[in-house]
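These notes concern the structure reproduced below.
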Amino acid sequence: MIKLFTGVYSVSVFLIWALGIGIHLWTIYIAYHVSGLFWAIISFFFPVLSQIYWGYKAWKIDGFDSAYIQWLIILTVLWVSRFVFALIIATSSDEPKKLEENGKPINGRPINGWLILIGIKIVASVSYGLVLLFRYVEAVSNFDPQWIKSNLYIDAVNITYVQTFLPLTAVIILFIMNSFLAYLFFTKNKEFPKAFIYLNITAVVITMFLEFITILSGELIYFSDTITDFIWLIIWGIYLMRSQRVKETFVNTKRKKYVKITEEEYVLIKQNLSQ
């Protein structure tokens, strides 16, 4: 069974590589014809960011009817499939694990079970945050304060500023937090469970704050996003704090351990080292 997964994984890696090269060249072509040689060069050196940006521009013009968008979706599906197959192969390997004296893996247990769902959610949050970041950056770049001040009353001007810049700030904060969580998760850092709870509490507060901003537009708020995030936090927070698998998985730490010794022991150790 593992050989089958390995074969499918290898094929998916090749497809991702081939489609990635093709879409990257397509991205450079679009950038050159839309915005000139400079943006084509930028797109060449920053392939992932440029594909997200030009994909968003194409989506605004043609929606999901754009062939560029459709191929990006196919590439994304293949990338996610490759990620899943890699997890299956890694967690199903029969190779012996390095053990400590107490019989536990040195680097903790592999990421498996329900933790895979948390990993997928974190990766999706980072990706979606990047898309939102491009969207709000474009909104800010099209912001014309002179026109707003000359055509709107002072209250409307203040509301416009709040609706333009505060969501961008919130999205940047959420993107940084999710990226930090992704780092802790995939390095299996010991502080991940606590960081997950604390940062998601902050995310719930930010989400509630963003929903309050919609009041300024005269819209009703239902706190649906806040309730969803709160339920997510309760379920996975309890799991991360009580699960034995979590305790045996997230064991890595960069903190230095210090041991107290007496002055006589210090002198003895120093003498042994000097011999």
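Bear in mind that the values in this text are calculations on the coordinates, not laboratory data. Keep in mind the model is a prediction, meaning the values are calculated, not measured. Glycine gets a Cβ as well: all are built from the backbone with ideal geometry, and neighbour counts include every protein chain shown.
How much length is gained if the chain between residue 18 and residue 67 is pulled fully straight, taking 0.36 nm per residue apart and subtracting their Cα-Cα distance, in nm to one decimal? Mind showing how you got there, number by number?
Values: separation 49, 0.36 × 49 = 17.64 nm, distance 1.69 nm.
Stretched fully, the residue 18-residue 67 segment lengthens by 16.0 nm.
Multiply the residue separation of residue 173 and residue 213 by 0.36 nm, subtract the distance between their alpha-carbon atoms, and state the gained length in nm to one decimal. It would help to have the intermediate numbers written out before the result.
Numbers: separation 40, 0.36 × 40 = 14.40 nm, distance 1.66 nm.
The span from residue 173 to residue 213 would gain 12.7 nm if fully extended.
If each of residue 139 and residue 225 carries a label point 7 Å out from its Cα toward its Cβ, how far apart are those two points in nm?
Computed distance between label sites residue 139 and residue 225 equals 0.9 nm.
Mind giving me the FRET efficiency for residue 32 and residue 269? R0 is 51 Å, r the Cβ-Cβ distance, nearest 0.05 is fine.
Numbers: r = 66 Å, r/R0 = 1.30.
Efficiency computed from Cβ-Cβ geometry: 0.15.
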